[in-house]
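**Student:** Here it is: the structure, laid out below.
No lab work stands behind these numbers, since they all come straight from the coordinates. Bear in mind that the values here come from a model prediction, so they are computed numbers and not experimental data. Using ideal geometry, Cβ is built from the backbone for each residue, glycine included, and neighbour counts are taken over all protein chains shown.
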Amino acid sequence: MVRTMSSFAQGSPLYRAARGRLTRGVFLSRPNRFRVVCETGGDRVEAYLPNPGRLWELLLPGSNLLLERSEGNTDRKTDHTVVAVETDHGPVMLHTHRTNDAARWLLDRGMIPGWEDAKVVRREVTFGSSRFDFLLEGPDGVFPVEVKSCTLFGERMAMFPDAPSERAARHVSHLAELAKNGQRPGVLFLVHSMGPKYFLPDLHTDLDFALTLLEARETVDIKPVGIGWNSDLTLKPGASLLEIPWRVLEENAFDRGGYILVLELEKDLRLTVGKLGEIDMKAGYYCYAGSAMKGLTARMERHRRRRKNLHWHVDYLREVSRFVFCLPVRSSLPVECDMAQALKDIADGSVPGFGSSDCSCPSHLFRFSSNPLRSAPFIKMLLHFRIDRLM
């Protein structure tokens, strides 16, 4: 279902997320959640990033950021603010506060499908221990709405969140509680792309949130809405309601599936690995494709620790390496060998026979010369297994 802006607001200017003149900055690094380093106008600058998400698929080295420069005095250590990032599919909004402003603009013009007749009573309304973004009034009375900014998407599907969020799960749980009083509260996921047609909670990154949303679907009005941005960060005409394939979530939202363990070996060494014997290992990053069709979380937590019984091949490598990350791919079907093949196609090398003694794969351990989480081919592969393969 698509509503064009001209249907509701002929002659009205489009919403513009930028507050001032935009400049481009080339992304270099992210020292912490709210700070990035980029190059703009020949200078190396730090910029404030008002978004706590991981943003791995967006903040790749060389990505173009759209920046605003603050005028006048500021208490911040930097006078640059990241507003959006440019992608092959257009700009993606990163400024979470501007997302709420866009939501208000859409609500005021009846642009949210199903809430065309609702009016904003006020922003930031408190119910008990929770504060929600909007209080709306519709034909059946008033109801609170929480807005979530969704920047994670593949070819056909969007997902939220891209990092574990206890706050998001708490908001949904509280909305479901309020529904018991006869209200019909809502949660609005603004997806910053008009490409995806489907939406799911990110069961891989935050299983608790996914299960919370699944449980609340009968009582909370869940609206994932796709929007698009022009190059000047004006909102494109149109807002589309995405389909939620609940069956896919019901089949896969369990503590089982595959995972990719990322380890860093800081120097070359000769490693003895069980029956494989001695192996010469080069320094670099190693990705191990594994699986646990029961107790996936416990298996990943085991890989975090050293000083344990050495059982699997990867345990020997874990003893001498630095833990970087363990990336779950929750699935009702085995995906371990498929991920191993995909890693083989993009890695700089592999260790023959490692981790593949019970299958026909040549290896389940692959070497990358640099951090794969900053590699576009690796991120594309991860998006395929986590998102695109589901639909």
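**Student:** Taking amide hydrogens as modeled 1.01 Å from N in the peptide plane, which residues meet the under 5 Å criterion relative to F325, leaving out close sequence neighbours?
**Tutor:** It is V262, by chain and number.
**Student:** Within 11 Å, Cβ to Cβ, of G258, how many net charges do the neighbouring residues add up to if Lys/Arg are +1 and Asp/Glu are -1?
**Tutor:** +2
**Student:** If the reach is capped at under 17 angstrom between alpha carbons, list the lysines near K275, excluding any in the same chain fewer than eight residues apart.
**Tutor:** none
**Student:** Can you give the Rg to Rh ratio for the stretch 257-390, taking only C-alpha atoms and Rh from Kirkwood?
**Tutor:** Here Rg/Rh amounts to 0.93.
**Student:** Using only helices, what value at 222 nm comes out for the chain when you add -39,500 (n - 2.57) per DSSP H run of length 4 or more and divide by the total residues, to the nearest 500 deg cm²/dmol?
**Tutor:** When only DSSP H runs of four or more count, the value is -6000 deg cm²/dmol.
**Student:** Of K223/K294; K148/K308; K236/K380; K197/K380; K180/K294; K148/K344, which sit over 30 Å apart, Cα to Cα?
**Tutor:** Beyond 30 Å between Cα atoms: K223/K294; K148/K308; K180/K294; K148/K344.
**Student:** Hey, in the GNM for the chain with a 10 angstrom Cα cutoff, which one of I279, I260, I244 fluctuates hardest?
**Tutor:** I279
**Student:** Check each of the GluC sites (Glu not before Pro) in the stretch 95-160 and keep only those in coil by DSSP with at most 15 other C-beta atoms within 10 angstrom; list them in order.
**Tutor:** For GluC sites (Glu not before Pro) across the stretch 95-160 that sit outside H, G, I, E and B with at most 15 neighbouring Cβ atoms in 10 Å, the list reads E116, E155.
**Student:** Now a separate question. Which number do you get for Rg(Cα) / (2.2 N^0.38 Å) in the chain?
**Tutor:** Dividing the Cα Rg of the chain by 2.2 N^0.38 Å gives 1.08.
**Student:** State the percent of C-alpha pairs, over all pairs in the stretch 96-252, separated by a distance greater than 22 angstrom.
**Tutor:** Every Cα pair in the stretch 96-252 considered, those over 22 Å come to 38 percent.
**Student:** Same structure, new question: Which of the listed residues, A158, T126, S369, is farthest toward the dipole's positive end in the chain, when Lys, Arg count +1 and Asp, Glu count -1 at the beta-carbon?
**Tutor:** S369
**Student:** Treating only the Cβ atoms of Lys and Arg (+1) and Asp and Glu (-1) as charged, compute the dipole magnitude of the stretch 257-390 about its Cα centre; round to the nearest 20 debye.
**Tutor:** So the dipole magnitude of the stretch 257-390 works out to roughly 500 debye.
**Student:** Further question on the same structure: Tally Lys/Arg at +1 and Asp/Glu at -1 over every other residue whose Cβ is under 9 Å from the Cβ of F323; what's the total?
**Tutor:** Surrounding charge for F323 is +4.
**Student:** Cβ under 13 Å from L58's Cβ, L58 left aside: what net charge do those residues give with Lys, Arg +1 and Asp, Glu -1?
**Tutor:** 0
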